[in-house]
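Chemist: Supplied in structure tokens, the structure appears directly below.
The values are calculated or read from the model by the stated rules, or taken from the named source; none is laboratory data. These figures come from a predicted structure and were not determined experimentally. Just so you know, the surface numbers come from the protein's heavy atoms only, side chains and all, with ligands and any DNA or RNA stripped out. Shrake-Rupley method; radii C 1.70, N 1.55, O 1.52, S 1.80 Å.
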Amino acid sequence: MVLKFKDNNNITAALDISSLGAIRFSSLEDHVLGFDEETRQSTGEITKKRAELVFGDKRKISSRVTFPPTAEIEEFKWRESVELMNPEFHLTYIAAQDGNREYYELDIYADGLKKVSEPKDSVNVTKSDVSVKKIK
């Protein structure tokens, strides 16, 4: 699987998704509710779900990920290892204005989350861990 960036409505492959490192669930954010332009009222219908995820192994970066309203993301616990299902990455350039610096904003969209089973730590035995008896 590769990272996919949106570029003029054409999705192009960029990097391998493993370059993001480990992905862990951080928190569930408030859902985005629909809005009726005519009545200027909330419809109460969930249009998007959002969660905060932590990416990386050594240098960790926290980022918001947006999911469709049908995604089941409420079951995940804090710091649980997860995998993004069908992720899409949208890079937006924000031009410099009013003395502020230019920057890029990364929006991440995915169809859902999947639990990743943690590999069991392999047992590493060293000489200092084992007492060696000499037999005469």
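Chemist: Sorted by accessible area with a 1.4 angstrom probe, largest first, how do ASP57, ASP98, ASP107 fall? Could the numbers behind the result be given before it?
Modeler: Working: ASP57 100, ASP98 150, ASP107 50 Å².
Largest accessible area first, the list is ASP98, ASP57, ASP107.
Chemist: Please list TYR104, TYR109, TYR93 in order of solvent-accessible area, largest first, computed with a 1.4 Å probe with all protein chains present.
Modeler: Accessible-area ranking of TYR104, TYR109, TYR93, largest first: TYR104, TYR93, TYR109.
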